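What follows is one structure encoded as structure tokens, with my remarks underneath.
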Amino acid sequence: MKQEDIVKRLSVVPIFKELSAEELEPIVKIAQTRFYKHKMYIFMQDDPLDRVFFIHSGKIKICRTDQSGKEQLISVLEPGEMFPHAGFFRKGNFPAHAEVMEDSHIIVIPIDKFEEILISYPELCIKLFKVLGEKIVDLQGRLEAQVLHNTFEQIILLLIRLCKSNGEIVGRRYKLTTQFTNRELANMIGTSRETVSRTINHVKKKDYVTLDEDGFYLIDREALQQELFY
């Protein structure tokens with residue numbers, strides 16, 4: 001990857017977005033680039049956490065495996081996103097593993113060097129805290145969904161959340177830019193594939209969720225939000 005490509009990608013990452021080319025220069029200097037093929041792992045759960053990654057192209061699946069060997073899909077990350085979000089200013093291990101969903105170019109920065117830059121640029125720390133704060137709010141929302149809502153409502157809330165995290169506006173609907181299987185959706189909230197399938201069929205009959213010609217979900221987010229109140 002050319003240096004100008006690294007600059008272009010980092011300049012649109014939320015925490016670097018407002019930096020000048022001069023301010024980005026020390027970050028670009030410590031950045032490395034890697035190419036990962038589909039199905040490769042970038043890191044495994046419990047590996048030493050010593051790097052932070054930025055997606056230039058492709059998609060990355062973040063999953064966590066519990067003690068019984070059951071895997072939970074945490075999120076699917078797209079170009080411009082940073083991961084992992086845990087680990088800054090502390091020693092530890094990766095809390096999950098990262099699998100490549102499609103061929104990806106990744107920008108890699110050693111955490112120790114990245115932290116030195118954060119200390120040198122306090123405004124970057126503030127931006128990073130805002131990004132981490134958004135992740136905390138997202139996690140709180142997921143926890144509340146599990147505690148306060150039944151399975152049907154959890155699936156509806158998941159579809160609404162995916163509109164924001166993995167969707168783009170197409171007309172009056174949100175198109176999910178990743179093709180999630182019912183098993184993957186079920187895995188994200190700890191329910192069965194059959195339950196997700198029944199719920200999806202229910203909202204399809206109401207025309208709240210449709211498929212485009214390529215098989216991507218088109219979601220009427222406002223209609224789904226109303227569905228929660230009936």
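The values are calculated or read from the model by the stated rules, or taken from the named source; none is laboratory data. This is a predicted model, so every value here is computed, not measured. Glycine gets a Cβ as well: all are built from the backbone with ideal geometry, and neighbour counts include every protein chain shown. Ligands, DNA and RNA are excluded from the accessible area calculation, which covers all protein heavy atoms including side chains. Shrake-Rupley method; radii C 1.70, N 1.55, O 1.52, S 1.80 Å.
Some observations on this one:
- For the stretch 201-230, taking the residues that are assigned to a loop (DSSP other than H, G, I, E, B) and open to solvent by less than 70 Å² (accessible area, probe 1.4 Å), the one that is farthest from residue 172 (Cα to Cα) is identified as 228.
- Residues (without any contact (Cβ under 8 Å) to a residue 12 or more places away in the chain and either under 21 Å from residue 101 (Cα atoms) or of a type in the set (S, T, N, Q) (or both)) located in the stretch 194-209: 201
- Among (1) β-branched (Val, Ile, Thr); (2) within 16 Å of residue 74 (Cα to Cα); (3) free of Cβ contacts under 8 Å to residues at least 40 places away in the same chain; (4) not in a helix (DSSP H, G or I), the one test that residue 191 misses: (3)
- Residue match in the stretch 56-69 (condition: of a type in the set (A, V, I, L, M, F, W, C), at pLDDT 85 or above, open to solvent by less than 10 Å² (accessible area, probe 1.4 Å) and assigned to a strand (DSSP E or B)): yes
- Going through (1) over 21 Å from residue 186 (Cβ atoms); (2) open to solvent by less than 80 Å² (accessible area, probe 1.4 Å) one by one, residue 38 falls short only on (2).
- Residues (without any contact (Cβ under 8 Å) to a residue 24 or more places away in the chain, open to solvent by 80 Å² or more (accessible area, probe 1.4 Å) and in a helix (DSSP H, G or I)) located in the stretch 1-20: 4, 8
- Residue 155 among the β-branched types (Val, Ile, Thr), in contact (Cβ under 8 Å) with a residue 60 or more places away in the chain, on the phi < 0 side of the Ramachandran plot and surrounded by 15 or more Cβ atoms within 10 Å (Cβ to Cβ): no
- Verdict on residue 168 being without any contact (Cβ under 8 Å) to a residue 24 or more places away in the chain and open to solvent by 40 Å² or more (accessible area, probe 1.4 Å): yes
- Scan of the stretch 122-142 for residues that are open to solvent by less than 60 Å² (accessible area, probe 1.4 Å) and not small (Gly, Ala, Ser), ordered by number: 124, 125, 127, 128, 131, 132, 138, 142
- Hits in the stretch 153-185 - residues which are assigned to a helix (DSSP H, G or I) and under 17 Å from the mean Cα position of the chain (by Cα): 157, 158, 159, 160, 161, 162, 163, 164, 165, 184, 185
- Matching residues, the stretch 190-200, being open to solvent by less than 40 Å² (accessible area, probe 1.4 Å) and of a type outside the set (Ser, Thr, Tyr): 196, 200
- Residue match in the stretch 174-189 (condition: open to solvent by 50 Å² or more (accessible area, probe 1.4 Å) and either modelled with pLDDT under 90 or of a type in the set (Phe, Trp, Tyr) (or both)): no
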